[in-house]
Structure formats: structure tokens, C-alpha cells
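Here is the structure we will look at, set down as C-alpha cells.
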Amino acid sequence: MIKRFAALVATAILTATMFFVAAPTAEAATDCATKTVKYGTSGACVKEAQTLLKNAGFYTGSISGKASVATINAVLNFQRAQRIADNGVINATTWGRLRAPAAVDTSLPASCQAAGVVLCVSKATRTLTVLQDGAVVKTIPVRLGGFTQDKYGRYRVHQTGVGVYRVYKKDPNPYSKRYGAGIMPNSLMFDPNMYVHYSADFRAYGYTRSSHGCVNIANRADSLWVYNFTPVGSRVVVFS
């Protein structure tokens with residue numbers, strides 16, 4: 001009788017153990033492809049996104065599981081490279097590309113081929129290509145508009161607008177109503193809210209932060225070269 005009781009107890013314990021091992025954890029059961037990640041989101045899916053963004057070369061921060069400003073700017077730059085909606089929100093489309101990225105197209109549009117000096121800004125490759133009479137003279141890494149605070153202190157996406165523009169003014173040290181003097185050296189103005197200029201912030205923080213729409217250059221010597229090389233009236237092309 002005692003042996004039979006002991007056998008029953010052992011069988012019950014073994015069955016319970018098998019059931020416990022087989023049961024998936026909540027984290028393992030999460031299918032991130034159905035989850036939306038945006039600023040402030042936290043959890044396992046944010047960790048997965050940060051890991052995939054880091055592996056793709058767009059994120060340099062820690063795998064914190066918290067969707068920070070740096071995380072959202074990495075998402076934006078990845079979306080632009082993939083030529084999908086660049087809103088800083090990871091949805092099913094972005095999850096699909098994170099897991100299976102498409103090749104990045106580095107070609108220049110026909111609008112960049114024109115007489116004189118042309119500044120061709122690619123949002124996909126984050127580069128400024130300087131052309132003269134259709135020939136590439138220099139290519140410079142740049143930072144564009146992204147996820148940052150507006151004048152009211154609210155975080156939102158500030159876009160660098162796609163289009164064809166003209167440099168209407170050059171100013172070596174324009175005054176900013178918001179930041180004062182010295183913040184935008186070597187400015188080539190092609191839109192009232194978008195300049196090409198040197199950025200100490202870009203030099204210090206890289207792509208973890210962003211501009212409010214301007215085309216930032218991190219190397220002061222490069223910004224001075226572009227400033228001197230580009231006459232007023234030059235075409236500026238911003239493309240996705």
C-alpha cells in the first residue's frame with residue numbers, strides 16, 4: 001500500500017514538472033510583428049528592435065528595452081534607408097524590414113543632373129553629394145530632421161522636406177531666434193526652415209539626436225568647403 005502511494009506521488013510530481021517546463025513564458029510567447037513600438041514603449045519587443053537596429057548599423061545605444069529618443073531616431077533613419085513611411089513608429093511593415101532588410105539604393109535622381117553646382121541630399125543614405133555640371137565632386141555624411149523637441153518642449157518628428165530648392169542666401173554666422181548666434185556656422189539657406197550648416201551637436205552626439213529640418217554637417221572643414229564652393233542660386237535637391 002505504501003509503495004503504491006509513493007508511486008502515485010512520484011507520477012504526480014513528474015507530470016506537474018513536465019507541464020511546467022512545457023508551458024511557454026509570456027515573453028517567449030510575444031510575437032513582436034504584431035506589436036507597435038513608439039517613443040516611451042518598453043519591454044521585450046523594444047529590446048528586439050534595438051538589437052536589430054544595432055545589427056543593421058543604425059543604433060549605437062544600449063539594449064535597454066526602453067524606446068528612447070536615440071531609439072526613435074534610429075528607427076527613422078532605418079525607415080528612410082528602406083524607403084518606407086518614416087514616422088518613427090515600428091509597425092508590421094517596419095518589423096518586416098528589420099528582420100529582412102532590402103538593399104539600399106544609392107543612386108542619384110535625374111534632378112541632380114544639372115548645370116552648375118548642385119547639392120543633392122539623400123535621406124536614405126544620409127549624405128550630401130556635391131556635383132558640378134553633373135559630375136560628383138564630393139560626398140559628405142549629414143544628419144537630417146528627426147525626433148526632437150519643438151519650441152514648446154514637445155517631442156515630435158521634424159522632417160527635412162523633399163523637393164527641389166535654390167540657395168537664396170549665404171551667411172557665415174546667422175542669428176537664431178531660438179538659440180542665438182554661433183549655432184549654425186557656414187549656412188547655405190535654401191528654405192526659411194532648412195539650411196545646410198555645420199553642427200557641433202551632430203559632431204558631439206551623432207545620429208542619436210537630430211536637427212529640426214536642417215542638413216547638418218559634423219566636420220567643420222567640410223561645411224566650410226561646401227559653403228565656399230556653392231554660389232547663391234545653386235540647386236538643392238532633397239530626395240527620399
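A few comments on the model shown:
- Flag if ALA181 is touching a strand residue (DSSP E or B) at 6+ places or on another chain (Cβ under 6 Å) and of a type in the set (A, V, I, L, M): no
- Residue pairs meeting the criteria (Cβ under 7 Å; at least 6 apart or on separate chains; first assigned by TED's automatic domain parsing to the domain that holds PHE58, in segment 69-89; second surrounded by fewer than 23 Cβ atoms within 10 Å (Cβ to Cβ) and modelled with pLDDT under 95): ARG80/SER240; ALA81/VAL104; ARG83/SER240
- In segment 76-114, of all residues being charged (D, E, K, R) and buried (at least 18 other Cβ atoms within 10 Å of the Cβ), the one that is farthest from the chain's Cα centre (by Cα) corresponds to ARG97.
- Condition check for THR51: surrounded by 12 or more Cβ atoms within 10 Å (Cβ to Cβ), at pLDDT below 95 and farther than 23 Å from SER211 by Cα: no
- Filter result (among the polar types (S, T, N, Q), out of contact with any Gly (no Cβ under 6 Å at 6 or more places or on another chain) and under 21 Å from ALA200 (Cα atoms)) within segment 126-169: THR127, THR129, THR139, THR148, GLN149
- Residues in segment 220-239 that are loosely packed, with under 14 Cβ neighbours inside 10 Å and touching a residue at least 40 places away in the same chain (Cβ under 8 Å): PRO231, VAL232, GLY233.
The values are calculated or read from the model by the stated rules, or taken from the named source; none is laboratory data. What you are looking at is a predicted structure, and each value in this text was computed from that prediction instead of being measured. No Cβ is skipped: glycine too gets one built from the backbone with ideal geometry, and neighbour counts run over all protein chains shown.
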